[in-house]
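The values are calculated or read from the model by the stated rules, or taken from the named source; none is laboratory data. Quick caveat, the model's predicted, so the values are computed rather than measured. Here the Cβ is made from the backbone with ideal geometry for all residues, glycine too, and neighbour counts use every protein chain on show. Remember, those area values only see protein heavy atoms, side chains included, never the ligands or the DNA or RNA. Shrake-Rupley method; radii C 1.70, N 1.55, O 1.52, S 1.80 Å.
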Amino acid sequence: MNEAYINEHDSIFTACGGSVGEALTTVTNRYIGNHPQHPMTCRAFNADGILKKHDYSYDFNLTERFPDMRNGQYIYAWSKFWSEQDAPMTFILHCYGPLQFFANGASVYKANLADELNAKRRIPVTVPLNKGWNHFVILFTKTEAGCGGSFGPGSYKSNPTYVLAPSPERNGHEGWIYSGPQDKRRELPG
C-alpha cells in the first residue's frame, strides 16, 4: 500500500495545477490572512537606561554603571514580554559575572563558574512562555569577575525581540527597570 505524503484534497497542485503564479498567490494570501498587517509602533525608551547592542540584546554592563558597587551586592532588573501563545522560546544570555534568570517567578537559569568568567560564551536559555504577559527578572551579583550580562533573542535575524518596562509610569516604554546595588537578596514574588 502506497500512502500519499499529502492528502490530494490538501494539495496545492490539485487546486492550481502547474501554474506557479497561482500557487504563489495562494501561499501569499494564506500568509497574509494569518499575519494581518499592523501599523508601525514607535516606543519610547530611556537613553540612560539599559540599551540594545547591534544583535538586539540588552546590555547590562553594571560594573560601569555602578563603579562603587561592592563585591557581594545585588542588582535586580525586571521587564515584561508578550507572547501570543503558550510555547517555549529561546533567548541568549552572556554573563559578565554571576547572574540568575527568572521567568514568571520560576528560576530558569543560574550561571556556573565557567559562564561567569567568559563573557563571550553564548548561553541559550529556553523559557516556557505563557500566552499574554510574561515577567522576566535577572538577579546580578557583584564579584571580582564583574557584574552584569546581556539578554537577547535566540536569533536576532529572524526573531528580533523587545521587552517592555513593567512599571505603570513607563507603560508602553521599551526596556527594563532596575534597582541600585542592594546589600540583601530579596524574595521574588510569584
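For region 153-190, residues that are touching a Leu at 6+ places or on another chain (Cβ under 8 Å) and open to solvent by less than 30 Å² (accessible area, probe 1.4 Å) total 2. The set of residues from region 36-53 being more than 13 Å from GLY175 (Cβ to Cβ) and either in contact with a helix residue (DSSP H, G or I) (Cβ under 7 Å, 6 or more places away or on another chain) or at pLDDT below 80 (or both) comprises PRO36, GLN37, HIS38, PRO39, MET40, THR41, CYS42.
Of all residues in region 1-24, which are hydroxyl-bearing (Ser, Thr, Tyr) and either closer than 30 Å to ALA165 by Cβ or surrounded by 11 or more Cβ atoms within 10 Å (Cβ to Cβ) (or both)? Scanning region 1-24 gives SER11, THR14, SER19. Filtering PHE136, PHE66 for residues that are open to solvent by 30 Å² or more (accessible area, probe 1.4 Å), closer than 21 Å to LEU51 by Cα and at pLDDT 95 or above leaves a single hit, PHE66.
Listed by position, the strands (runs of 3 or more DSSP E) enclosed by region 25-104 that each have at least 3 residues that are within 13 Å of the chain's Cα centre (by Cα) and over 20 Å from SER167 (Cβ atoms) are 87-95. Look at THR90 and say whether it is open to solvent by 70 Å² or more (accessible area, probe 1.4 Å) and touching a residue at least 12 places away in the same chain (Cβ under 8 Å). Considered against the rule, which asks whether it is open to solvent by 70 Å² or more (accessible area, probe 1.4 Å) and touching a residue at least 12 places away in the same chain (Cβ under 8 Å), THR90 comes out as no.
Condition check for GLY146 on (1) on the phi > 0 side of the Ramachandran plot; (2) touching a His at 6+ places or on another chain (Cβ under 9 Å): one failure, at (2). Need the failing condition index for ASP48 against (1) surrounded by 11 or more Cβ atoms within 10 Å (Cβ to Cβ); (2) on the phi < 0 side of the Ramachandran plot, just the number. Exception for ASP48: condition (1).
For region 105-141, enumerate the residues that are assigned to a loop (DSSP other than H, G, I, E, B) and of a type in the set (A, V, I, L, M).
Matches in region 105-141: ALA111, LEU117, ALA119.
The residue that is nearest to ILE75 (Cα to Cα), among those in region 136-159 that are touching a Lys or Arg at 6+ places or on another chain (Cβ under 9 Å) and not hydrophobic (A, V, I, L, M, F, W, C), is THR141.
Do we have TYR74 as surrounded by 10 or more Cβ atoms within 10 Å (Cβ to Cβ), among the aromatic types (Phe, Trp, Tyr) and closer than 21 Å to ARG185 by Cα here? Answer is yes for this residue.
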